Amino acid sequence: MGLENCGLEHMGLDSGNVPGIQNAGVVWGDHFGGWLLNQGYLQSVVDRRLYYRRDEDNALSIVCVYVDDNRMISTSSEVREAYLHAFEKAFPNSVAPGALEASVANDF
């Protein structure tokens with residue numbers, strides 16, 4: 001029996017991404033990667049879960065996506081803050097308050 005017949009649509013779950021299902025991390029990574037591309041990031045040709053962007057002020061930002069998490073580093077604190085706010089707006093239920101600030105507070 002496939003997931004398409006389990007009535008998951010009534011639970012508000014996408015039958016392609018149910019926590020605990022073997023490919024849930026891949027589905028999330030693809031979804032999140034699409035969001036990053038819409039934010040102006042480019043996908044690395046070497047590692048498909050690595051994204052980067054060079055802003056108008058020459059700030060370099062790199063986002064690494066793994067399973068159901070991500071880390072962002074940037075040469076600009078303004079870019080980090082903008083990323084934080086955009087992420088929280090797009091995925092309000094994805095992070096505990098304060099947790100994302102710690103993950104993007106990296107300089108290189």
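Being modelled with pLDDT under 50, surrounded by 13 or more Cβ atoms within 10 Å (Cβ to Cβ) and not in a loop (DSSP other than H, G, I, E, B) is the filter here; which residues of the range 1-49 pass it? LEU3, LEU8, listed by residue number. What pairs come up if the first residue lies in the range 75-88 and is surrounded by fewer than 17 Cβ atoms within 10 Å (Cβ to Cβ), the second is at pLDDT below 90 and in a helix (DSSP H, G or I), and their beta carbons are under 9 Å apart, counting only those six or more places apart or on different chains? These pairs meet every condition: GLU81/VAL104; GLU88/LEU100.
The values are calculated or read from the model by the stated rules, or taken from the named source; none is laboratory data. Note that this is a predicted model, so its numbers are computed, not measured. Quick reminder, even Gly has a Cβ in these numbers, built from the backbone with ideal geometry, and neighbours come from all protein chains shown.
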